[in-house]
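Inspection log for the structure reproduced underneath, given as structure tokens.
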Amino acid sequence: MKLSKNKSFKAIVRPFWESNPIHIQMLGICSALAVTVQMKTALVMALSMTFVVSTSSLVVSLIRKWIPANIRIIVELAIVSTLVIIIDEFLRAFFYDISKQLSVFVGLIITNCIVLGRTEAFALSNPPHLAWLDGVGNGFGYGFVLILVSFFREFLGSGKVFGIQVIPKSIYVAGYEDSGFMLLAPAAFIIIGLLVWLQKSVSARKD
């Protein structure tokens, strides 16, 4: 029982730092560059990814014994595609403006290496509850980096947080200017690079 609890805890906690899908495994970098200009889009993308990766891992784990080995990738893609379509239609119906801002990147979750990586490497060989927790953990780990990167980009690039102006206009009159560079893709690369450096430094000290 204790061993099972440890596995469950590790499955959901390790992706935050030790095996984060973005700054450790270097997966999902494209969306991390494209949707982190604003925190709203980053949050919606993070929630969408968490839903897809956790639910697909759960479904694959539930039917793993009945999936023929030679077509397992096709089955996984069919499951992921169905979930992505559900998310895309939901966003178009209830959050149309954000859906337009995310553009094709919600649809590209289908080909995201994080989703296929977890279904192929973990869900196919683990029980449903662990597969689901692993998916949730990786989704949250992915979302953690997206929110962190988008915070710095939006705050330093436009003086806003979640679209709310937090740097007073009076400061702009006094001579302060936003850093337009933070709204460009290279800024996201730099922030992710700093996260990689921080993680490696902390890990080296622990070792």
What length, rounded to one decimal in nm, is gained on full extension from residue 120 through to residue 147, with 0.36 nm per residue of separation minus their alpha-carbon distance?
-> 7.1 nm
Residues meeting the amide H criterion for residue 161 (H placed from the backbone, H to H distance under 5 Å, 5 or more places apart or on another chain) are 166
Cα axis of helix 72-94 to longest principal axis of the chain: angle in degrees, 0 to 90, nearest 10?
-> 40
Which order do peptides 49-55, 156-162 fall in by mean Cβ count within 10 Å, highest first?
-> 49-55, 156-162
What per residue convex hull volume, in Å³, comes out for the range 1-76 when only alpha-carbon positions are used?
-> 136
In nm, spacing of pseudo-spin labels at residue 108 and residue 71 (7 Å Cα→C-beta vector) | 3.0
Quick calc: nm separation of the 7 Å Cα→Cβ label points for residue 90 and residue 26 -> 3.3
FRET efficiency (residue 167, residue 203; Cβ distance; R0 35 Å; to 0.05) is 0.50
Taking the chain as the reference, fit the longest principal axis to its C-alpha atoms, fit the long axis of helix 128-158 to the helix C-alpha atoms, and give the angle between the two in degrees, 0 to 90, nearest 10.
-> 10
Helix-derived mean residue ellipticity, 222 nm - over the chain, DSSP H n ≥ 4, -39500 (n - 2.57), to 500 = -22500 deg cm²/dmol
When the chain is reduced to its Cα atoms, the Kirkwood hydrodynamic radius in Å | 18.1
Can you tell me how much longer the chain between residue 82 and residue 184 gets when fully stretched, taken as 0.36 nm per residue apart minus their C-alpha distance, in nm with one decimal?
-> 33.5 nm
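Each value in this text was obtained by applying a stated rule to the coordinates, not by laboratory testing. Note that the structure is predicted; figures quoted are calculated from it, not measured. Positions of Cβ are generated from backbone atoms using ideal geometry, with glycine treated the same way; all protein chains shown enter the neighbour counts.
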